[in-house]
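The values are calculated or read from the model by the stated rules, or taken from the named source; none is laboratory data. Since the structure is predicted, the reported quantities are computational estimates derived from the model, not experimental observations. Here the Cβ positions follow ideal geometry from the backbone for every residue, glycine too, while neighbour counts run over all protein chains shown. The accessibility values were calculated without ligands, DNA or RNA, using every heavy atom of the protein model including side chains. Shrake-Rupley method; radii C 1.70, N 1.55, O 1.52, S 1.80 Å.
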Amino acid sequence: MRSIGFGGTDNGEASSATGRRRGGIDWIACGVAGLLLVSSTACARPAAAPGKSLVESASPGVAAPGSSPATSRPAPTPVAAPSAALTGASAPHKQPAYASKALEVLATLPVKGRAPKTGYSRDQFGQAWADVDRNGCDTRNDTLRRDLTAEALKPGTRGCVVLSGILKDPYTAKLINFLRGAGTSSAVQIDHVVALSDAWQKGAQRLSAAQRLAFANDPLNLLAVDGPANMQKSDGDAATWLPPSKPYRCAYVARQISVKASYALWVTRAEHDAMARILADCPGALAPTSRQPAAPEAAPPAAAAPSSPKAAAPAAPAPPSVYYANCTAVRAAGAAPIRRGQPGFSSKFDRDGDGIGCE
């Protein structure tokens, strides 16, 4: 799904003219979204003063191009992961369980033919880049702040609007300088990993308006990527398009599988077989999820030890807590890659949400 533009508009499989409203569809979508309180911007323009930002990435970076007019990043207020809130509230299914293998989740997806595209339009998925998590920033800027490094933010936007930054593009493995502007913003685009048109033809027609709004704005389904690569992808599935960077294909396919499982979508036979071929080279690849590992079961109480005349040995001191300031510190300690649940793990190390940080 292509998503470009200085103002964050979508120019994807079927773009809509700015400002045009389709009466019946918009009334239903806005009404349902309003009832669920997913966003005050679903039926209105974004508020002039955006609020809290996403949790910052810890990755170091160099000064971004064109950053001179911007303020430095303020200390953010951590907020709950939007994907967890959206998926839990609006998706038909929960995300795959923590540490689920992508191949196993793929086996649960129905295999069907592609449904007709009849009735599809971008409007079926609600307002483009709504503020669904109600943090005061639209989804496009949320995603840019999550995926870019060395960001420069626009003064007066409460740390919301990204003016510039550097993207390590997952699709091409290139470093791309992002500079906000009418002629430059399209260098970095926000891709729907499972394209909206593809989703429409594989089950999204049956979702409610609120569920489709959640789908279009779910961080699990969004990546900041190279603009030309995104334009080339268009609304292709895994059978017709894969990232040029072959090392990323396992993670890309695993993310598509996780998204489709969360929203009760199906795959075609050709798509299923293409995904299985990719995962055959990485059978241990995990389906990304924001769900946490299950708490370990409590061990049964140990039987009382018989009394002994010998003095009890002193208890070993508890190991000190582990803290790493960033991935550089993790690597210096020889702990990279670090996995969720290991001492010192932090979600700031896990940029792609697969449970493995500092890869």
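Overview of results
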item	result
Long-range HN-HN contacts of L223 with modeled amide H, under 5 Å	D191, V193
Residue-normalised accessible area of region 88-247, given per residue in Å² at a 1.4 Å probe	36 Å²
Summed residue charge, Cβ within 9 Å of S164's Cβ, Lys/Arg positive, Asp/Glu negative	0
Karplus-derived 3J(HN,Hα), 6.51/-1.76/1.60, for each residue of region 155-170, Hz, glycine and proline x	x, x, 10, 6, x, 9, 7, 8, 8, 7, x, 10, 10, 8, 5, x
Summed side-chain charge close to A115 - residues other than A115 whose Cβ falls under 12 Å, Lys, Arg +1, Asp, Glu -1	+4
HN-Hα J in Hz across region 280-295 - Karplus 6.51, -1.76, 1.60, θ = phi - 60°, x for Gly and Pro	4, 7, 8, x, x, 4, 9, 6, x, 7, 9, 6, 8, x, 5, 5
Charge sum, other residues only, whose C-beta stays under 13 Å from A287's C-beta, Lys/Arg counted +1 and Asp/Glu -1	+2
Region 210-227 - phi-based ³J(HN,Hα) in whole Hz, Karplus 6.51/-1.76/1.60, Gly and Pro as x	5, 5, 5, 4, 4, 4, 5, 10, 6, x, 4, 9, 10, 9, 7, 9, 4, x
Violating pairs (Cα-Cα greater than 25 angstrom) within the set K117/K168; K154/K233; K94/K154; K112/K246; K117/K246; K117/K233	K117/K168; K154/K233; K94/K154; K112/K246; K117/K246
Amide H contacts of V188 (H built 1.01 Å from N, under 5 Å, at least 5 apart or other chain)	G227
